[in-house]
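In what follows, a structure is listed as structure tokens, so that the remarks can point back to it.
The values are calculated or read from the model by the stated rules, or taken from the named source; none is laboratory data. What you see is a predicted model, and the numbers here were worked out from it, not measured in a lab. Note that we place each Cβ from the backbone using ideal geometry, even for glycine, and neighbour counts take in every protein chain shown.
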Amino acid sequence: MNQKERKEGCGLKYRVVSILKDNRPRFLIISDIEEIEILPSKYLKHLDQINASPNTVKSAAFALSYYYNFLQEQTIGLDEITLLSYSEQNKHFIDFLYWVKSGKHTEHNTQTSNKTCNMYLGAVFRYYQFLALEDVLPMLKVLRVKKVSYFDSMGVNHQNAVNSFKGFFKEEEPNLEEITSEEIQELINACTNDRDRLLIAMMAETGLRLGEILGIHYTEDIDFERRTVRVRYREFNSNLARAKNAEYRMALLSNTTFEFLVKYISDNRKSLMNSEYLFTKLT
């Protein structure tokens with residue numbers, strides 16, 4: 001079995017290691033003495049087994065490596081965290097948010113956005129939930145769902161379930177600007193081959209994500225009569241492309257883009273014969 005190991009992460013006590021196995025990246029967390037951390041690595045294996053996307057597993061791996069470095073700095077263990085009071089647990093995880101926010105999880109103390117900090121903590125919480133379900137640790141007090149009961153103005157009793165952790169950062173307002181048709185055309189004109197021109201045109205016209213488009217099988221997912229392209233969730237693509245959230249979507253192409261698609265397939269039929277994907281390396 002061909003395996004390729006690659007070390008990643010910052011120069012702290014814990015770091016992420018990726019291993020290429022069966023043409024798929026597998027992630028482990030190891031210490032500075034080259035020992036595998038069993039529990040987080042077991043959780044990452046679990047994510048892989050339930051077909052979480054490689055990017056999801058990778059993100060969780062780095063989040064857990066950061067958290068383990070934070071625990072090391074705080075000289076406290078997972079089991080000790082579960083024994084803390086509700087308020088102490090809240091403080092602990094809020095401190096982790098600020099620790100990441102200040103960039104202490106990186107070698108260069110790079111500031112981190114509120115959204116990314118929240119994402120890391122969310123991954124840590126899911127790890128704790130996994131350990132609780134595995135009967136390794138008790139459930140965190142801050143993750144226990146509380147039932148809230150109240151009466152409305154008509155005297156009707158309502159019951160809602162709410163998560164008890166309220167310490168997540170308020171996310172910054174996104175500073176997004178919509179790309180114009182002129183800018184899209186500039187990108188297309190700057191491409192050096194039809195593959196890239198078609199890729200940009202399809203993304204701009206359909207709103208499909210890059211991972212969805214890269215997973216299109218040209219022999220199965222294109223309806224030439226209806227001028228539609230189908231995005232299908234596949235548990236494994238050899239090029240690691242994934243449709244987000246196991247979605248199945250249909251996209252209608254304009255006459256111009258569809259004619260370009262047909263021309264692209266015709267012009268590159270020799271290259272496409274060696275692959276099932278619409279977008280591949282061109283020879």
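Could you grab me the full set of residues in region 224-283 that are assigned to a loop (DSSP other than H, G, I, E, B), charged (D, E, K, R) and at pLDDT below 85? Step through it out loud before you land on a result.
Just the residues of region 224-283 that are assigned to a loop (DSSP other than H, G, I, E, B), to begin with: 224-227, 232-243, 247-248, 253-254, 268, 273-276, 278-283.
Now narrow it down to the ones that are charged (D, E, K, R): 225-227, 232, 234-235, 242, 247, 276, 281.
The answer is Arg232, Arg234, Glu235, Arg242, Glu247, Lys281.
Out of the residues in region 62-88 that are of a type in the set (A, V, I, L, M, F, W, C) and either within 27 Å of the chain's Cα centre (by Cα) or not assigned by TED's automatic domain parsing to the domain that holds Ser18 (or both), which is surrounded by the fewest Cβ atoms within 10 Å (Cβ to Cβ)?
Once the filter is applied, the top-ranked residue is Leu78.
Report, by residue number, each residue of region 146-179 that is modelled with pLDDT of 60 or more, polar (S, T, N, Q) and either assigned by TED's automatic domain parsing to the domain that holds Ser85 or surrounded by 10 or more Cβ atoms within 10 Å (Cβ to Cβ) (or both).
Ser164
Keeping to region 74-113, report how many residues are acidic (Asp, Glu) and more than 19 Å from Leu39 (Cα to Cα).
3
Which residue out of Leu210, Leu198 is aliphatic (A, V, I, L, M) and in contact (Cβ under 8 Å) with a residue 60 or more places away in the chain?
On the way: Leu210 fails: in contact (Cβ under 8 Å) with a residue 60 or more places away in the chain.
The match here is Leu198.
Name the single residue, out of those in region 180-201 being β-branched (Val, Ile, Thr) and surrounded by 13 or more Cβ atoms within 10 Å (Cβ to Cβ), that is farthest from the chain's Cα centre (by Cα).
Per the stated criteria, the residue is Ile188.
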